């Protein structure tokens, strides 16, 4: 009998689909990258989600986030994303946390989680996710910088210590070495970041790009990057593909 995963089953088999249905994936950051990660995961068959993001959808999200429409502006990203998941697959189970993930965050991750996706903006949160993933022995994949880029063909999947060019990856390498973290699977771009016009950037800073709570958070990046529809989305779908393939193959960290 045909169902919404019949075409997927042709590729990965019934056992593969069942593995995806049972898996639980935690996605941190439901933005340009994270929203497309979720999209790829739910359409492939993942049925158990944890979504973590403090922000609400705003006007400047429309250029790159699949959950952002004129109707969803002002709504919490995690709730809009949850609704979208359930519209695609009503059988899905979704936990939402409208909060910043930081070192003092509690009660989000445990050993029931099969995979962690890091698509957050701040180094502090990214490092903490890697540390917790290692402690709990949960596989993790981390997105490096996608802002100020125009070439989606320059993305690569590799270990953090094999990265180059990306400024965020450089910081992450340093911080992970200091903490004795020996490996981290990442998606990063080998494209040189485009220099943003100072005047345009200043205008962007004056817009309501972040919620007031986000602006008050000490970990928020100070520089507003340029973005476009087809770069973070590609990174997000690459990450979704890696998660799916790893779960099917029974990856253990």
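The values are calculated or read from the model by the stated rules, or taken from the named source; none is laboratory data. Computed from a prediction, not measured in an experiment: that's the story for all the values here. With ideal geometry, Cβ positions are generated from the backbone for all residues, glycine too; neighbour counts draw on all protein chains shown.
Please verify whether residue 176 is surrounded by 14 or more Cβ atoms within 10 Å (Cβ to Cβ), in contact (Cβ under 8 Å) with a residue 12 or more places away in the chain, farther than 18 Å from residue 224 by Cβ and in contact with a strand residue (DSSP E or B) (Cβ under 8 Å, 6 or more places away or on another chain), treating the condition exactly as stated. Answer is no for this residue. Within region 14-40, the set of residues being over 29 Å from residue 77 (Cα atoms) and either surrounded by 13 or more Cβ atoms within 10 Å (Cβ to Cβ) or out of contact with any helix residue (DSSP H, G or I) (no Cβ under 9 Å at 6 or more places or on another chain) (or both) comprises 14, 16. Just a yes or no: is a residue in region 82-97 part of a strand (DSSP E or B), surrounded by 22 or more Cβ atoms within 10 Å (Cβ to Cβ), in contact with a strand residue (DSSP E or B) (Cβ under 9 Å, 6 or more places away or on another chain) and modelled with pLDDT of 95 or more? No, region 82-97 has no match at all. Filter region 163-173 down to the residues that are in a helix (DSSP H, G or I) and touching a strand residue (DSSP E or B) at 6+ places or on another chain (Cβ under 9 Å), then identify the one that is nearest to residue 32 (Cα to Cα). The qualifying residue nearest to residue 32 (Cα to Cα) is 168. Put simply, of 15, 107 the only residue that is in a helix (DSSP H, G or I) and free of Cβ contacts under 8 Å to residues at least 40 places away in the same chain is 15. Being without any contact (Cβ under 8 Å) to a residue 40 or more places away in the chain and either closer than 17 Å to residue 241 by Cβ or in contact with a helix residue (DSSP H, G or I) (Cβ under 8 Å, 6 or more places away or on another chain) (or both) is a condition met by no residue of region 128-147.
Residue 175: within 25 Å of residue 237 (Cβ to Cβ) and more than 15 Å from the chain's Cα centre (by Cα), yes or no? In short, no.
Against the list (1) under 19 Å from residue 239 (Cβ atoms); (2) touching a helix residue (DSSP H, G or I) at 6+ places or on another chain (Cβ under 8 Å); (3) assigned to a helix (DSSP H, G or I); (4) without any contact (Cβ under 8 Å) to a residue 60 or more places away in the chain, the condition residue 67 fails is (3). Selection within region 136-162: residues that are out of contact with any strand residue (DSSP E or B) (no Cβ under 6 Å at 6 or more places or on another chain) and assigned to a strand (DSSP E or B). The member of this set that is farthest from residue 228 (Cα to Cα) is 159. Figure legend. Inter-residue proximity from region 24-35: first residues on the phi > 0 side of the Ramachandran plot and in a loop (DSSP other than H, G, I, E, B), second residues crowded, with 24+ Cβ neighbours inside 10 Å and modelled with pLDDT of 95 or more, beta-carbon distance below 6 Å, spacing 6+ or different chains. Indicated pairs: 29/53; 29/119; 29/120.
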